[in-house]
């Protein structure tokens, strides 16, 4: 009887050992597959964020005096000695009964802690240099001429591109190297800045670098 019990215990141990080995052999392919998947995932390069899509500029095909009126902020400009120290620049444009435009230009001088205000009247001109009534729409570009000292001095501002919704405008100012960007809001997002810079460079390759205003203190 003791020998029978010993035989039975040994046989049971061998059976259990065979069962465990068989289970490990069956599970080996699945374990190897999981390990290979983890290794491939770790070795794969991290997913990169897709670059932002380019801004598609929609330009106004006809100039409307009524839509051009209102408050504009100068959000970008080329730095030239006559305006590089001016900040918080804005233009308020009001349409007159005779078709001319009243312009109220305000800006801040941080060095002297002073606000300045300049008021002018300008007339819109077509491509041939002729004035036109405010209800007449023409193809851009539009030149706005300011006459001073009894028409002895003329200053021209050439608006060569306007947003289809009149939210921004690209302007060539008087003098060499004078360019600026007008916007209905104090600042514009970076993708739009890049798009407007490219558009301005295509029209005027000699344009210098545009310096953009910051949000702080511009409202």
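The values are calculated or read from the model by the stated rules, or taken from the named source; none is laboratory data. Because the structure is predicted, anything quoted here is derived from the model rather than measured. When we count neighbours, we look across all protein chains shown, and the Cβ atoms used for this are built from the backbone with ideal geometry, even at glycine.
Observations, loosely collected:
Let's see how each residue does on (1) at pLDDT below 90; (2) surrounded by 14 or more Cβ atoms within 10 Å (Cβ to Cβ):
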{"residue": "106", "(1), (2)": "no, yes"}
{"residue": "116", "(1), (2)": "no, no"}
{"residue": "119", "(1), (2)": "no, no"}
{"residue": "131", "(1), (2)": "yes, no"}
{"residue": "144", "(1), (2)": "no, yes"}
{"residue": "150", "(1), (2)": "yes, no"}
{"residue": "164", "(1), (2)": "no, no"}
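- Test for residue 87: is it surrounded by 17 or more Cβ atoms within 10 Å (Cβ to Cβ), touching a residue at least 12 places away in the same chain (Cβ under 8 Å), out of contact with any helix residue (DSSP H, G or I) (no Cβ under 8 Å at 6 or more places or on another chain) and under 23 Å from residue 197 (Cβ atoms): no
- Filter pass, residue 133 being farther than 22 Å from residue 77 by Cβ and part of a loop (DSSP other than H, G, I, E, B): yes
- Residue 28, sole failed condition from (1) over 39 Å from the mean Cα position of the chain (by Cα); (2) modelled with pLDDT of 50 or more: (2)
- If the condition is being surrounded by fewer than 15 Cβ atoms within 10 Å (Cβ to Cβ) and assigned to a strand (DSSP E or B), then region 90-104 contributes 92, 94, 102, 104.
- Filtered by the rule that a residue be in a helix (DSSP H, G or I) and more than 19 Å from residue 159 (Cβ to Cβ), region 193-216 gives a lone residue, 194.
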